[in-house]
Amino acid sequence: MPLNIPTLPQGQPTSGSLTAFEYRLANSAAFTSVTATLSAAAVQGATTLAVTALTGPIPAGAVLHFPLGVDAVLTAAAAAAATTLAVLPLSGPIANAAAASYDGFIIIPVLGEIQLQFAETSVAYQAFTANGGNVWDYAVKVAMNGTLQIRTATPENDPTITALVDAGLASGGAALILFRYRRPNGNWYYGAATIAANLMDPVRAISETSFTGKTTGQVYRQAPL
């Protein structure tokens with residue numbers, strides 16, 4: 001029987017859950033972020049945002065993360081100097097002068113939870129330092145390795161993962177990405193990872209749009225906005 005791939009309804013990628021995963025290819029050209037600052041408060045369910053003139057363009061599908069966990073998903077591209085943004089119905093109100101930035105990251109609608117696991121033996125430190133009494137302490141932590149697993153219902157020709165799939169295939173199955181991962185409690189985790197389709201069965205892994213990666217460097221946490 002053919003495999004029936006589940007599909008997500010078109011709509012806000014994070015509706016019903018605070019879980020979100022965003023990525024940007026590490027070798028992407030330098031990107032100047034564009035900040036959207038509201039010039040008038042927006043109510044829950046609003047589909048347009050009044051903003052001060054944008055300093056640069058924001059593409060359709062971009063997600064702006066405003067304070068208090070309200071995401072605004074653009075339904076149409078906004079040009080530089082635009083003062084109105086068309087968005088999907090807001091899940092909550094946004095106060096006047098609230099700001100959010102688009103910085104080139106692409107959001108992937110996730111299927112289930114993101115798996116981000118570390119092993120304590122994989123943490124690397126720059127050096128040891130003497131602490132007196134023949135005791136040595138760790139100095140600066142410079143790396144921590146772990147496993148990152150992502151599964152999404154978006155097909156491989158969806159613009160949100162096309163760049164990831166193409167980069168992975170072009171480099172033999174792996175792509176170096178910068179990622180941001182928001183857990184249901186609202187905390188964000190930032191890091192870098194080499195991510196790929198399942199190398200044992202790459203065709204199936206791509207068709208199911210599930211990826212496994214190895215994190216490199218440090219992973220940072222930021223409290224909810």
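Efficiency by 1/(1 + (r/R0)^6): what FRET value for LEU169 and THR35, r their Cβ-Cβ distance, R0 = 25 Å, to the nearest 0.05?
About 0.15, to the nearest 0.05.
Once fully extended, how much extra length lies between ALA99 and GLN115, figured as 0.36 nm per residue of separation less the alpha-carbon to alpha-carbon distance? The partial results should precede the final answer.
Numbers: separation 16, 0.36 × 16 = 5.76 nm, distance 2.97 nm.
Here the answer is 2.8 nm.
Where a number appears in this text, it was derived from the coordinates with a stated rule and is not lab data. Since the structure is predicted, the reported quantities are computational estimates derived from the model, not experimental observations. Using ideal geometry, Cβ is built from the backbone for each residue, glycine included, and neighbour counts are taken over all protein chains shown.
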